[in-house]
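Chemist: Shown below is the structure under consideration.
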Amino acid sequence: MPDKTETNKNTVPAPQVVSIEELQQKKKTPAPTFSGVCAAMGWKAGKMVTENEFDAAVRKFSGSPIGKKVK
């Protein structure tokens, strides 16, 4: 059995999780869109997600009928 202090060079690092509020600021997500995404996803303040999860949620919300801009 390998020593637990050894690192396996074949392992992929775990994705970094960040608070949704930090991602909102980083991505410059408008407040109404952010609020809609949080409501649609059931996210509460302080929720920790990966950047990919956040991006996917924003895309999904923005593509939904409720998230589309009216012309």
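The values are calculated or read from the model by the stated rules, or taken from the named source; none is laboratory data. All values derive from a computational prediction rather than experimental measurement. Cβ sites come from the backbone with ideal geometry, for glycine too, and all protein chains shown count toward neighbours. Surface areas here come from the heavy atoms of the whole protein model, side chains and all, with no ligands, DNA or RNA. Shrake-Rupley method; radii C 1.70, N 1.55, O 1.52, S 1.80 Å.
Chemist: Please report Rg over Rh for segment 17-61, where both radii come from the alpha carbon positions and Rh follows the Kirkwood definition.
Modeler: With Rh from the inverse mean 1/r over Cα pairs, Rg/Rh is 0.89.
Chemist: Charges only on Cβ, +1 for Lys and Arg, -1 for Asp and Glu: so what's the dipole of segment 17-61 about the Cα centre, in debye to the nearest 20?
Modeler: Once rounded to the nearest 20, the dipole reads 120 debye.
Chemist: Carbon-plus-sulfur fraction of the accessible area of segment 17-61, 1.4 Å probe, in percent?
Modeler: For segment 17-61, the apolar C and S fraction of the accessible surface comes to 56 percent.
Chemist: Give the accessible area for residue 27 in Å² (nearest 10); use a 1.4 Å probe, count only protein heavy atoms, and leave out ligands, DNA and RNA.
Modeler: My reading of the accessible area for residue 27 is about 70 Å².
Chemist: Not counting ligands, DNA or RNA, and with a 1.4 Å probe, what is residue 22's accessible surface area in Å² rounded to the nearest 10?
Modeler: My reading of the accessible area for residue 22 is about 110 Å².
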